[in-house]
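Here's the structure, in C-alpha cells; my notes come after.
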Amino acid sequence: MYRYDQYDITLLEQRVAQFRDQVARRLLGALSEEEFLPLRLQNGLYMQRHAYMLRVAIPYGTLSSAQMRVLAEIASRWDKGYGHFTTRQNIQFNWIHLEDAPDIMDRLAEAEMHAIQTSGNVVRNITTEQFAGVAADEVMDPRPLAEILRQWSTMNPEFSFLPRKFKIAISSSKVDRAAVRSHDVGLYLYRGEKGEALLKVLVGGGLGRTPLLGSVIREALPWQHLTTYVEAVLRVYNRYGRRDNKYKARIKILVQALGVEAFSAEVEREWQQIKDGPATISKAEYRRVAAFFSAPAYEDLKVPAQLAKQQDEEPEFARWCKRNVHPHQVSGYASVTLSTKPGSSMPPGDVTAEQMLAVADWAERFGFGEIRVSHEQNLILPDVRQIDLYPLWQLARAAGMATPNIGLLTDIIACPGGDYCSLANARSIPVAMAIQQRFADIDFLHDLGDLSLNLSGCVNACGHHHLGNIGILGVDKNGEEWYQLTLGGQQGMEAAIGKVIGRAFRADEVPEVIEKIIAVYLNHRQQDESFTQTLLRIGIQPFKEYIYPPELV
Amino acid sequence: MPLIIRANTPVPQVEDDHWQLIKHDTETMQDDAAWRILPLAIWQAQRAEGVLHANSHTGVWIGASDEYEEIIDDLLALPLIAIDFPSFRDGRGYTVAFLLRTRYGYQGELRAIGDVLRDQLFYMHRCGFDTFAVREDKDIHDALKGLTEYTIRYQGAVDDPVPLFRKRAMEMADFNDEHWEP
C-alpha cells in the first residue's frame, strides 16, 4: 500500500487546519453558506436530510486494517455505529455534526486518510477494480498510476472549480471490473507488442440524467504521458464545458456537442503544447510509487487437499466458494468478497463498526493487513491462503458477511436513497430489502446465475441503475414514490445502458415485477444462458408483454 | 483608495491600488491621467479609433467567456491584465491565467477581479495571478491568510512548474535505464 511521507503528511495537516478555520468562519458568519458550500463539498461534507454526511476517500478502494479500525472508531464515536460503502469505493457516514468534522479529519489524517475531493466539481476519487494487483487475469497493476493520478489531481489549482464533478477510473484486466466506460475519463492499461505499457483513453462516459458510455479518444498512449494527457482533457473541459445548466455540465455533453473527433483533436492540440513537460511521469517516480505496491511475502503453497472435502461436506461453504472466492495470481491463495448484502438485516453497502473491526482483524490474520472496497459496495480480502478459506468463512458467516450472493440478484448496488439523501426522489433501501426478501432462496439465486440489479433513488444514478441487468430508478410523481425499470444494462468491456421497459411502479409492486422478469428469463433460457444472453437473444418485447398485459396497455 | 493584495513580493501584502477598474462601458471615466483597466471590447474599440493614449497606464480585463487569443500579441504588451471571476465557482479564469503565463509568456501584472475570495487565492496564485482585488464586502487583511496556508503542492503550476515528485527524486538515487518499462 502507498504510505505517506513527510510531504503527504504536511499537506494533509495543512488541509485540515485550513478546513478547521473555514468551519470556524462559517459558524461565526464570516463565510456565507453559499461561500462555504463548495469548500465543505471539497472536503467531503454534504448536507443531507437529517444531518451532514461525510464521505471519506478510499483511494482506488484500498485500505489497511489500521485504517479500517479508524473508520470503525469514527462510526462509533461520531456517528451511529455504521458506515455506508459507495460505488466510488469510498465510505459515507450519515450522522455527522459540522462542529466535529475537523476533529474527524484530524483522526483520519493520523491514519493517512482524508475526505478531500470526495465531492464537489473537482476530480473525484480515482477508482480501479477491487482485485488490482492480485487478479488472476490482470495484465498490469493499475495502482501505481492510480496513486500518481491521485497526487496530481489533489488540490490541482487549475481544476478546482470545474463545470461539474469529474470521475476517473483505470483498469488493466481481461475483464473490466471498474466500470471504466461510465467515467468522465476511463483508462485501460495494457501491453503493446514490445511489452511497453500503454493506455487507451476514453472520454465522456457517465450516468446521471444523460447516460452515455465513453468514447475512445486516444489509443496507445505511453504511460509516461498519462498526467499531461489528462491535463489536456481537463483544460479543454474547463474552458469549453457548459456552466449555464448543471444537468448539461458534465464532459460527456461537451464531447457530444463537439463530436468525438473534434473533441479529441482539441485535446491533442492542447496536449502537444504540454507533452514532455515537467509533469511527464518519470521512471524514477513510477518505480518509487510502484515499490509501495510490490507483492507481499507470499508463501509457496499448493491448493490444499482438504478444500474439496470441506466443500463436499458443507454445501453452504461450497456455494460461498463458488460466488465469493476469486482466483488469485499466486498459487494457493484466493481473494474473498465479504458480502455487505445480507438481505433484510442491513441495507446494501452498510457495515457496522463491529463488522469493520472484525474485517480488520481477518485481514491481518488471513492476509497482509489489506482490505479492498468494490464498486459493488462489498469488502474484499485480497490475499487469503486457500487453506484458511474454511475458518474465514465460519467467522464471516457468524458476522453476517458471508452471504454467498456475489454477482447474483440480491447483490444489489443501491444508493442511500430518500432515507438519507436530500437529492433523492424516492427511497432505495426498503425497495432493495423487499427484493432481497422475495429472493431469499439461495439455491434459486444460484440457479439464476449472474444477474445484476442496481437501484438509484434519483436520476443522479449513484446506484448505477443504468448499468444493472435490471435497473431501478426512483422517480417522483406528484409527491409519490414510483420506480421505473430498465433492462439490458451491463458493466464491463461489453458495457451497455439499460432500456426503460414501460410505465413506473409503486414500491410494493416492484418485487412482483422482478419476479415476472425472472419468470420470462427462465421460460426462455436455453441451457446455461445468462440473463443477459437470453435478453440479447429474445429482446425486450417478451418481458414487456408479460409485465404489461396487452389489454392493460 | 481601494486596496489590493499583491503576492509578487517576498511576502504577500495589502497595498493601495492606483488602478481604476472600468467595469461597464456606460461608466463615466475619470480624468485621462488615471490608470484604467478597460473591458476588452472597449479597449479594442478605442484602439481601432486611435483614441487610446498613455498605453503604459492602460490595462484590460478579460471576461470568462471573452475571446482573447486572436489579439494575444497586443495584450502581451500591456502592463496589467485582469481576469474576471463572475462567480468564485466559475473556474475558467484559472485556465485563462495559466495560458497567459505559460503559453503566451505574459510578464506583466495579472490580477484577479470579481468574486475573489480568501479561500481561492492560493489556487489563483498558483495559476499565475499576482494581484487580487478581493470582493469589497470582505476583510482584505483576513483574505491575505489565504496565500500562506500551504507549503506543499503535489503538482507543478505557474508559481512552481516542478511537481513534487521531481523534488522527491532529488532525495533518491538516479534511475536512468532507458530500456526500463513498468
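Every number in this text was worked out from the coordinates using simple rules, so none of it is lab data. Computed from a predicted structure; not experimentally measured. When we count neighbours, we look across all protein chains shown, and the Cβ atoms used for this are built from the backbone with ideal geometry, even at glycine.
Overview of results
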{"read-out": "Residue in region B:88-142 that is nearest to the chain's Cα centre (by Cα), counting only those that are more than 9 Å from every other protein chain (Cβ to nearest Cβ), assigned to a helix (DSSP H, G or I) and in contact (Cβ under 8 Å) with a residue 60 or more places away in the chain", "value": "B:121"}
{"read-out": "Criterion violated by residue A:301 - all others in (1) surrounded by 15 or more Cβ atoms within 10 Å (Cβ to Cβ); (2) in contact with a Ser or Thr (Cβ under 7 Å, 6 or more places away or on another chain) satisfied", "value": "(1)"}
{"read-out": "Residue satisfying condition, being under 17 Å from the mean Cα position of the chain (by Cα) and not hydroxyl-bearing (Ser, Thr, Tyr), within set A:453, A:409", "value": "A:453"}
{"read-out": "Search result, residues across region A:277-303 that are more than 14 Å from every other protein chain (Cβ to nearest Cβ) and either among the small types (Gly, Ala, Ser) or closer than 25 Å to residue B:177 by Cα (or both)", "value": "A:295, A:297"}
{"read-out": "All positions within region A:475-530 that are assigned to a strand (DSSP E or B) and closer than 30 Å to residue A:169 by Cα", "value": "A:475, A:483, A:484, A:485, A:486, A:487, A:490, A:496, A:499, A:500"}
{"read-out": "So residue A:214, is it among the small types (Gly, Ala, Ser) and surrounded by fewer than 19 Cβ atoms within 10 Å (Cβ to Cβ)", "value": "no"}
{"read-out": "Residue count for region A:1-39, restricted to those that are away from every other protein chain (no Cβ under 11 Å) and either under 23 Å from the mean Cα position of the chain (by Cα) or not in a helix (DSSP H, G or I) (or both)", "value": "5"}
{"read-out": "Output for region A:2-18, where each listed residue is surrounded by fewer than 16 Cβ atoms within 10 Å (Cβ to Cβ) and touching a residue at least 60 places away in the same chain (Cβ under 8 Å)", "value": "A:3, A:4, A:9, A:13"}
{"read-out": "Subset tally (residues that are more than 13 Å from chain B (Cβ to nearest Cβ) and within 29 Å of residue B:171 (Cα to Cα)) for region A:258-275", "value": "1"}
{"read-out": "Any chance residue A:10 is hydroxyl-bearing (Ser, Thr, Tyr) and touching a strand residue (DSSP E or B) at 6+ places or on another chain (Cβ under 9 Å)", "value": "no"}
{"read-out": "Condition met for residue A:21 (surrounded by fewer than 19 Cβ atoms within 10 Å (Cβ to Cβ), more than 28 Å from residue A:289 (Cα to Cα) and without any contact (Cβ under 8 Å) to a residue 40 or more places away in the chain)", "value": "yes"}
{"read-out": "Lone qualifier among B:122, B:98, B:165 - being out of contact with any Lys or Arg (no Cβ under 6 Å at 6 or more places or on another chain) and under 29 Å from residue B:44 (Cα atoms)", "value": "B:98"}
{"read-out": "Output for region A:362-378, where each listed residue is more than 22 Å from residue A:57 (Cβ to Cβ) and in contact with a helix residue (DSSP H, G or I) (Cβ under 7 Å, 6 or more places away or on another chain)", "value": "A:362, A:364, A:366"}
{"read-out": "Candidate set from region B:154-173 (those that are within 7 Å of chain A (Cβ to nearest Cβ) and in a loop (DSSP other than H, G, I, E, B)); member that is surrounded by the fewest Cβ atoms within 10 Å (Cβ to Cβ)", "value": "B:172"}
{"read-out": "Filtered residues of region A:40-70 (kept if outside any helix (DSSP H, G or I) and either surrounded by fewer than 21 Cβ atoms within 10 Å (Cβ to Cβ) or within 14 Å of chain B (Cβ to nearest Cβ) (or both))", "value": "A:42, A:43, A:47, A:48, A:49, A:50, A:51, A:52, A:64"}
{"read-out": "Residue tally, condition outside any loop (DSSP other than H, G, I, E, B) and surrounded by 24 or more Cβ atoms within 10 Å (Cβ to Cβ), over region A:436-472", "value": "11"}
{"read-out": "Members of region A:74-113 that are within 18 Å of residue A:378 (Cβ to Cβ) and among the polar types (S, T, N, Q)", "value": "A:86, A:87, A:89, A:90, A:92"}
{"read-out": "Region A:119-144: number of residues that are touching a residue at least 60 places away in the same chain (Cβ under 8 Å), among the hydrophobic types (A, V, I, L, M, F, W, C) and over 23 Å from residue A:85 (Cα atoms)", "value": "1"}
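Table: residues versus (1) part of a loop (DSSP other than H, G, I, E, B); (2) of a type in the set (Phe, Trp, Tyr); (3) at the interface with chain B (Cβ under 8 Å from one of its Cβ atoms).
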residue: A:117; (1), (2), (3): yes, no, no
residue: A:129; (1), (2), (3): yes, no, no
residue: A:149; (1), (2), (3): no, no, no
residue: A:158; (1), (2), (3): no, no, yes
residue: A:169; (1), (2), (3): no, no, no
residue: A:177; (1), (2), (3): yes, no, no
residue: A:181; (1), (2), (3): no, no, no
